[in-house]
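The values are calculated or read from the model by the stated rules, or taken from the named source; none is laboratory data. Note that this is a predicted model, so its numbers are computed, not measured. Every residue, glycine as well, gets a Cβ built from its backbone with ideal geometry; the counts of neighbours run over all protein chains shown.
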Amino acid sequence: MNKFGYSVAQPRVIDYESNDRSLSEYLNALEPSFRRCIECGGCSATCTAAAYTSFSLRELHVLIRRGESRKIQSALKKCMLCGKCTLVCPRGVNTRNVITLARNFKVSLNNAV
Ligand code: SF4
Ligand code: SF4
C-alpha cells in the first residue's frame with residue numbers, strides 16, 4: 001500500500017454500558033460536589049502538579065465519569081494535595097477530597113482507557 005504521510009484514525013468508542021463506573025458512583029456518594037464539575041479546566045490551569053507533569057485534573061474527571069479508570073491511580077500519585085484547584089473551582093467542587101477518595105478506591109484494572 002502506498003504511504004501518503006497520513007493514515008486512517010482508529011475508531012475511538014466510549015462504551016458506557018460495559019465501562020466500570022463504580023468509582024464515579026463512589027465519588028458521587030461520598031463527595032456530592034463531584035457531580036457539579038462542568039469540565040471547564042480551571043483546576044488544571046492552576047494545578048501545581050500540571051506545571052511539572054502531564055497531570056490534568058479535568059481529564060481525570062472526564063475519565064472517571066466515563067468509567068475509563070485504568071490509568072487513574074498512577075496519575076493520581078502526581079497530585080501534591082496543595083488544594084489550589086479547590087480554591088479556583090467555579091462550581092465549588094471539593095477537588096482535593098475527590099482526589100483523596102479516588103486514591104483510596106480500588107480501581108478495577110479490567111477497564112480499558
Ligand atoms: S475547575 Fe471545577 S468545574 Fe472546572 S474542571 Fe475543575 S473541578 Fe470541574
Ligand atoms: S491539589 Fe493536586 S490537582 Fe489540585 S492544584 Fe494541587 S496538585 Fe493540582
remark   = Taking the stretch 67-80 and keeping only residues that are part of a helix (DSSP H, G or I) and within 9 Å of the chain's Cα centre (by Cα), one is left with Ile72, Ala75, Leu76
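Yes/no per residue for (1) within 15 Å of ligand 1 (Cβ to nearest atom); (2) within 25 Å of Tyr16 (Cα to Cα); (3) not in a loop (DSSP other than H, G, I, E, B):
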{"residue": "Phe55", "(1), (2), (3)": "yes, yes, no"}
{"residue": "His61", "(1), (2), (3)": "yes, yes, yes"}
{"residue": "Ile64", "(1), (2), (3)": "yes, yes, yes"}
{"residue": "Cys82", "(1), (2), (3)": "yes, no, no"}
{"residue": "Thr86", "(1), (2), (3)": "yes, no, yes"}
{"residue": "Thr100", "(1), (2), (3)": "yes, yes, yes"}
{"residue": "Arg103", "(1), (2), (3)": "no, yes, yes"}
{"residue": "Lys106", "(1), (2), (3)": "no, yes, no"}
query = Somewhere in the stretch 20-41, is a residue among the aliphatic types (A, V, I, L, M), farther than 14 Å from Thr86 by Cα and at pLDDT below 95?
reply = yes
inquiry  = Against the definition (buried (at least 19 other Cβ atoms within 10 Å of the Cβ), within 16 Å of ligand 1 (Cβ to nearest atom) and at pLDDT below 90), how does Ile72 come out, yes or no?
reply    = yes
ask   = Which residue, of Cys47, Cys37, is in contact with a His (Cβ under 8 Å, 6 or more places away or on another chain) and not acidic (Asp, Glu)?
value = Cys37
query = Taking the stretch 21-48, which residues are over 14 Å from the mean Cα position of the chain (by Cα) and either outside any helix (DSSP H, G or I) or of a type in the set (A, V, I, L, M) (or both)?
reply = Ala29, Leu30, Glu31, Ala45, Thr48
